[in-house]
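The values are calculated or read from the model by the stated rules, or taken from the named source; none is laboratory data. Remember, predicted model here, so these are calculated numbers, not experimental data. Please note: Cβ atoms are built from the backbone with ideal geometry, for glycine as well, and neighbour counts cover all protein chains shown.
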Amino acid sequence: MPNAYLVYNPTAGRVPIQPFIKRARAVLESNGWRINVQASQSAQHVVALARQAASEGMDAFFLAGGDGTINLATEGLAGTRTALGVLPAGTTNVLARDLNLPKPSLVRWDAVEEAAQRLAKAPAYWTDVGVCNGQHFFLWAGVGLDAEVVNEIEPRARWEKPFTFPKYIFAALKNTALWQGMHLQVETDGSEVNGNFVIAVATNIPSYAGGVAEISPNAYLDDGEMDLWLFRAENLAEMAQRVLEVLTRKHLDSDGFIYLPFRQARLSGQRPLMMHMDGEPRGAASQIWLTVKPRAMRLLVPKGGERLFRFPPENIFDVR
């Protein structure tokens, strides 16, 4: 019988998650899992619980939360054999979308329960993990305009979460109007780029910007590299054009973008650069060091999510 933690973030998402945890636990246990339920008390508590699960040799760490909570679990699980199982309960749940997991909404109250059902017998794939200035990330690490917005609006109280999109748009427009861009020196695996940019984002998955766009449609989670995108724009009109190009996938052939696949990268600015990792604020730094750790964490992947992988999974769970 496999063993797992089921950890939930009581503050994640637009509605309280506690009522759905009992049902998710019942689903997993009915599929042969032995479950230890824990409520996280803080960001560092999520990291500590993930490390504890790994040190106890747990087969999986089921996490009910959003993309930011996944970031915390990655810090504790990277380099171990304990697999992450994502139970989407956040505001955007971008990773869940790319994994073909249901997104909780007013018409999908059973999303957490359904995700547990899909993951109960799912295989585990090894995934790449990023490191940005010594901190692990799983989805994205970025500097520039989007990081300025993230650092302005996060963290949010639960009552604010239904208004996330308009608040994000307002903050983006305000910052774009005032934003002067940033001069960056970028070095990646033998390539060097210098120039003025408004956004630089490293991504491990196809989706970006809350899941409304696929910035790297051909991204894989286990190919040993990530994609670095540099956005060029001199004013609000050009920034709007960059956004439209991403939404319509025209950015793949646009002169307004530079695309650099990398295993290691360094970004240097003339002034401190505001950062975000997995959509969470991470302050500012004058130099950004990015490293990809190949196949450093295991992830439970339901049917439909295998498109993100090149290598076959490990069928390590014999759940009856």
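Against the condition under 19 Å from Gln135 (Cα atoms), at pLDDT 95 or above, surrounded by fewer than 20 Cβ atoms within 10 Å (Cβ to Cβ) and of a type outside the set (A, V, I, L, M, F, W, C), how does Gly256 come out, does it pass? Here the answer is no, as Gly256 does not meet what is asked. Arg23 falls short on exactly one of the conditions (1) in a helix (DSSP H, G or I); (2) at pLDDT below 95; (3) basic (Lys, Arg); (4) under 28 Å from Ala141 (Cβ atoms), and that condition is (4). Among the residues of region 52-75, write down those that are surrounded by fewer than 24 Cβ atoms within 10 Å (Cβ to Cβ), in a helix (DSSP H, G or I) and either on the phi > 0 side of the Ramachandran plot or over 19 Å from the mean Cα position of the chain (by Cα) (or both). If the condition is that a residue be surrounded by fewer than 24 Cβ atoms within 10 Å (Cβ to Cβ), in a helix (DSSP H, G or I) and either on the phi > 0 side of the Ramachandran plot or over 19 Å from the mean Cα position of the chain (by Cα) (or both), then Gln52, Ala54, Ser55 are the ones that fit.
Restricting the search to strands (runs of 3 or more DSSP E) fully inside region 227-320 and requiring at least 1 residues that are under 30 Å from Phe61 (Cβ atoms), touching a Phe, Trp or Tyr at 6+ places or on another chain (Cβ under 9 Å) and in contact (Cβ under 8 Å) with a residue 24 or more places away in the chain gives 264-277, 280-300. Would it be correct to say that Ile35 is hydrophobic (A, V, I, L, M, F, W, C), closer than 15 Å to Ala115 by Cβ and at pLDDT below 95? No: the conditions fail for Ile35. Considering Lys121, Lys161, the condition of being of a type in the set (D, E, K, R) and at pLDDT below 60 is satisfied by Lys161 alone.
Inside region 34-63, residues that are closer than 28 Å to Gly211 by Cβ and touching a Pro at 6+ places or on another chain (Cβ under 8 Å) make up a count of 3.
Taking the criterion of being out of contact with any helix residue (DSSP H, G or I) (no Cβ under 7 Å at 6 or more places or on another chain), surrounded by 15 or more Cβ atoms within 10 Å (Cβ to Cβ) and under 30 Å from Val149 (Cβ atoms), the residues of region 269-304 that qualify are Gly269, Leu273, Arg282, Ala284, Ala285, Ile288, Leu290, Thr291, Val292, Lys293, Ala296, Leu299. Taking first residues from region 97-116 that are in the same structural domain as Lys303 (by TED's automatic domain parsing) and over 17 Å from Asn31 (Cβ atoms) and partners that are of a type in the set (S, T, N, Q) and not in a loop (DSSP other than H, G, I, E, B), the Cβ contacts under 9 Å between residues at least 6 apart in sequence or on separate chains come to Arg97/Ser207; Asp98/Ser207; Ala111/Ser105.
In this structure, Ala96 does not satisfy being modelled with pLDDT under 95, closer than 19 Å to Asn3 by Cα and in contact with a helix residue (DSSP H, G or I) (Cβ under 9 Å, 6 or more places away or on another chain).
I'd like to check something: does region 24-35 contain any residue that is closer than 25 Å to Asp278 by Cβ, without any contact (Cβ under 8 Å) to a residue 24 or more places away in the chain and assigned by TED's automatic domain parsing to the domain that holds Val112? No, because not a single residue in region 24-35 is closer than 25 Å to Asp278 by Cβ, without any contact (Cβ under 8 Å) to a residue 24 or more places away in the chain and assigned by TED's automatic domain parsing to the domain that holds Val112.
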